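The values are calculated or read from the model by the stated rules, or taken from the named source; none is laboratory data. Quick caveat, the model's predicted, so the values are computed rather than measured. Here Cβ is always computed from backbone atoms with ideal geometry, including for glycine, and neighbour counts include all displayed protein chains. Note: areas computed on protein heavy atoms with side chains; ligands, DNA, RNA excluded. Shrake-Rupley method; radii C 1.70, N 1.55, O 1.52, S 1.80 Å.
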Amino acid sequence: MMLRIKRVPTVVSNYQKDEAEDTARRSGGCGKNCLRSCCIPGAKLPLYAFKKVNNIETDKAVLETENTEPPVAFLDSLVLGEWEDRMQRGLFRYDVTACETKVIPGEYGFIAQLNEGRHLKKRPTEFRVDKVLQPFDGNKFNFTKVGQEEVLFQFEASEDGEVQFFPNAPIDVENSPSMVAINVSPIEYGHVLLIPRILECLPQRIDHESFLLALYMAAEAGNPYFRLGYNSLGAFATINHLHFQAYYLAVPFPIEKAPTKKITTLNGGVIISELLKYPVRGLVFEGGNSLQDLSNTVSDACVCLQENNIPYNVLISDCGKRIFLLPQCYAEKQALGEVSAELLDTQVNPAVWEISGHMVLKRRKDYDEASEENAWRLLAEVSLSDERFREVNALIFEAIASGEDGIENVNETFPEEPETNAQSLEDENAITQSSHHAMVAGTQECLVLQ
């Protein structure tokens, strides 16, 4: 049975329009300065060429040992600085820095944001939730239709092994560059999209090359408060064009503080653990002899979920060193009428950020009444049952094992006291001392009340 659910998609670009209107406009010429063949010839955009490193622990040490400075501060100047520029130019649909935000009292410190404007100016659509893998449809909105002014820079591996920045580089159409663009409906400061090999028009499905690119972006940012996320189709991705999301928020996410128990260590050094005492069941991947080892392991798991039609979300944390994989079933329950009216009335679609503990609320009532209990109740509906989670894990480990020489140290019986691997973040008070303050003079900030 095909499940369909009426949804209101997130508008991620100013050029996301009804297809009939878009077709009519194209017949008279584009005029949108987009990334398609009509506008891209001769176009130039900034290009940041990152240096590939082999050791996952020494991304920053490489630069230090060579006593060299990168040509541009990747996070502060290029990502957040250019994001600020687009905000000052009025490219966003609302001012997210004016949104009220607070840390909810409780053990985990769930974060609540009131974003009443985000559900406005959107068009209803039929969103299919029963297929994680769906073919790319060029007639629907995709990121080649965004205006070039929404693109911050191209993001590619350096050809000579050194970090380079070109402020005005031609777009290499034949090699389909990866790009970082703004999300015009941001949910937090610095909300951007990483779009791998944008001109290949890849559907929303993770592959090994693209996932490694996302880890390189997290490593290049070098700040644990800048995280990347991924939503599969069926897990609240709204655009079927391969992309990751990322933004900056200087507080620990609740999921990062949750305890874990180690399941196994792979021969490549990757440690796989299970989340404990968190409303959504999931796996945590960290370590590895190289960034490639970690990326390959998580990619294998994601591909397995995709091929088995299991919706999932991914959080890339701790500068790419810690990754949360979260299979979910909320959209399926929603389509089957198994979610309570009370939860549906909140209009919260639990994608990667909500699952990680950043609750984007659309009604004043829900924000004022936000509590750890309410957040937990919503996220518990997202999680697979324990039985189903075990079944899914068996599929994942079979897929990972097929790409490994072997798996070491499998713990069939776990100790009573779990190993706690919380992300190494500074104290929550660091929000008042974050790099957000020194970025751009006169920056408005999204106040987090604690």
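Taken as a whole, the condition of being among the hydrophobic types (A, V, I, L, M, F, W, C) and modelled with pLDDT under 55 applies to ALA430.
Under the condition of being at positive phi and modelled with pLDDT under 95, the residues counted in the range 345-360 number 1. Of the strands (runs of 3 or more DSSP E) lying entirely inside the range 1-116, the ones with 3 or more residues being closer than 28 Å to GLY320 by Cβ, at pLDDT 60 or above and not polar (S, T, N, Q) are found at 44-50. Within the range 166-179, the set of residues being open to solvent by 60 Å² or more (accessible area, probe 1.4 Å) and touching a residue at least 60 places away in the same chain (Cβ under 8 Å) comprises PHE166, PRO167, ASN168, PRO170, VAL173. Cβ separations smaller than 8 Å between residues 6+ apart or across chains give the following pairs from the range 81-101 residues that are closer than 13 Å to VAL192 by Cα to residues that are part of a helix (DSSP H, G or I) and modelled with pLDDT under 95: MET87/THR97.
Screening the candidates ALA235, ALA214 for the property of being under 14 Å from the mean Cα position of the chain (by Cα), within 19 Å of LEU75 (Cβ to Cβ) and either touching a residue at least 12 places away in the same chain (Cβ under 8 Å) or part of a strand (DSSP E or B) (or both) yields one hit, ALA214.
Screening GLY138, GLY190 for residues that are farther than 18 Å from LYS44 by Cβ and open to solvent by 10 Å² or more (accessible area, probe 1.4 Å) leaves exactly one candidate, GLY138. May I ask you to verify whether GLU209 is assigned to a helix (DSSP H, G or I), at pLDDT 95 or above and among the charged types (D, E, K, R)? Criteria met by GLU209. Consider the range 206-225 and keep the residues that are touching a Leu at 6+ places or on another chain (Cβ under 6 Å) and hydrophobic (A, V, I, L, M, F, W, C). The one that is surrounded by the fewest Cβ atoms within 10 Å (Cβ to Cβ) is LEU215. Cβ-Cβ distances below 8 Å connect the following pairs, each with a first residue in the range 132-150 that is closer than 21 Å to TRP83 by Cβ, a second residue that is open to solvent by 50 Å² or more (accessible area, probe 1.4 Å) and modelled with pLDDT of 95 or more, and a separation of six or more residues or different chains: GLU149/ARG89. Of all residues in the range 356-383, those satisfying the criterion of being outside any helix (DSSP H, G or I) and crowded, with 20+ Cβ neighbours inside 10 Å are GLY357, HIS358, MET359, VAL360, LEU361, ALA370, SER383.
Yes/no per residue for (1) more than 27 Å from GLY320 (Cα to Cα); (2) at pLDDT 95 or above:
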{"site": "LYS362", "(1), (2)": "yes, no"}
{"site": "ILE396", "(1), (2)": "no, yes"}
{"site": "ALA401", "(1), (2)": "no, no"}
{"site": "ASP405", "(1), (2)": "no, no"}
{"site": "ASN411", "(1), (2)": "no, no"}
{"site": "PRO415", "(1), (2)": "yes, no"}
{"site": "GLU419", "(1), (2)": "no, no"}
